[in-house]
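> Could you have a look at this structure, given as structure tokens, before my questions?
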Amino acid sequence: MLQILDFVGVAVFAISGGIAASRLKLDILAFILFATFTGIGGGTLRDLLLGAPVFWVADQTYLIVCLGIGVATWYLAHLGEAWGKPLRWADAVGLACYSVMGAAKTMALTGQPVVAVFMGVATASFGGVIRDTIAGQPSAIIKSELYLTAAFVGASCFVGLVAAEAPPWSAAVVGALAAFVLRGGSIQWGWSLPGYRAPGS
């Protein structure tokens, strides 16, 4: 289950990178680079911080997936746009998968639940930050949306259930679904937490 989430996370983040490139009307090489940087960004940060072998260096399949998706979105991005908000929904799926995968790998390597939750958030959000920064767009993490919150809840659900000795596959499913529901609700219905306001303002 975790391996599936890992590949799904890379793939859908790569799709969001390709869609971002399509909106900027870039060439096919830019599509591939956007897809790759977005797809592997969060996992790369995770592995570097953990001192673990970087996953796509150990297994080039991840790069091949990103390359294929970059080429595919060059030809098919216009079809995705017809569905409405394809970038944000792809990003939501990637965030859900990577919040769990980041937490799971951290738990396996360190056994520290608090570190695992925050690493899950970092893994889930960093690829999107890279994409938006390169595209010159405001990142979702600075918008009044459930983005980091969704990743935090997903990672926390996974870590909490594992600590309660739930099977890892079921903890992964629950965590990913929790993150996706919150992020999806924010996209579809504008769910958000109250923003900071100075006293008396």
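> Run the reach check for Lys105 against aspartates and glutamates, Cα to Cα strictly under 18 Å, same-chain hits fewer than 8 apart removed. What comes back?
Straight-distance partners of Lys105: Asp6, Asp47, Asp59, Glu165.
> When the dipole is taken about the Cα centre of the chain, and only Lys, Arg (+1) and Asp, Glu (-1) are charged at their Cβ, what size is it in debye, to the nearest 20?
420 debye
> Now a separate question. Would you work out what percent of the accessible area of the stretch 98-201, with all protein chains in place, is carbon or sulfur (probe 1.4 Å)?
Ligands and nucleic acids excluded, carbon and sulfur give 69 percent.
> Pairs of Cα atoms under 8 Å, at least six residues apart: use those to get the relative contact order of the stretch 131-178, whole percent.
32 percent
> Starting from the 7 Å offset along Cα-to-Cβ, what nm value, one decimal, do you get for the label separation of Leu49 and Leu63?
2.4 nm
> Under a crude label model (7 Å from the Cα following the beta-carbon direction), how far is Val114 from Ala72 in nanometres?
With each label point 7 Å from Cα toward Cβ, the separation is 4.1 nm.
> Rounded to the nearest 500, what is the 222 nm mean residue ellipticity of the chain from helices alone, with -39500 (n - 2.57) per DSSP H run of 4+ residues and division by all residues?
So the calculated ellipticity at 222 nm is -26500 deg cm²/dmol.
> Here's a follow-up. For the stretch 39-174, with every protein chain kept in place, what is the accessible area per residue (1.4 Å probe, Å²)?
Accessible surface, normalised per residue, equals 46 Å².
The values are calculated or read from the model by the stated rules, or taken from the named source; none is laboratory data. Since the model is a prediction, treat every value here as computed from it, not as a measurement. Don't worry about glycine lacking a Cβ; one is built from the backbone with ideal geometry, like all the others, and counts go over all protein chains shown. Only protein heavy atoms, including side chains, enter the accessible area calculation; ligands, DNA and RNA are left aside. Shrake-Rupley method; radii C 1.70, N 1.55, O 1.52, S 1.80 Å.
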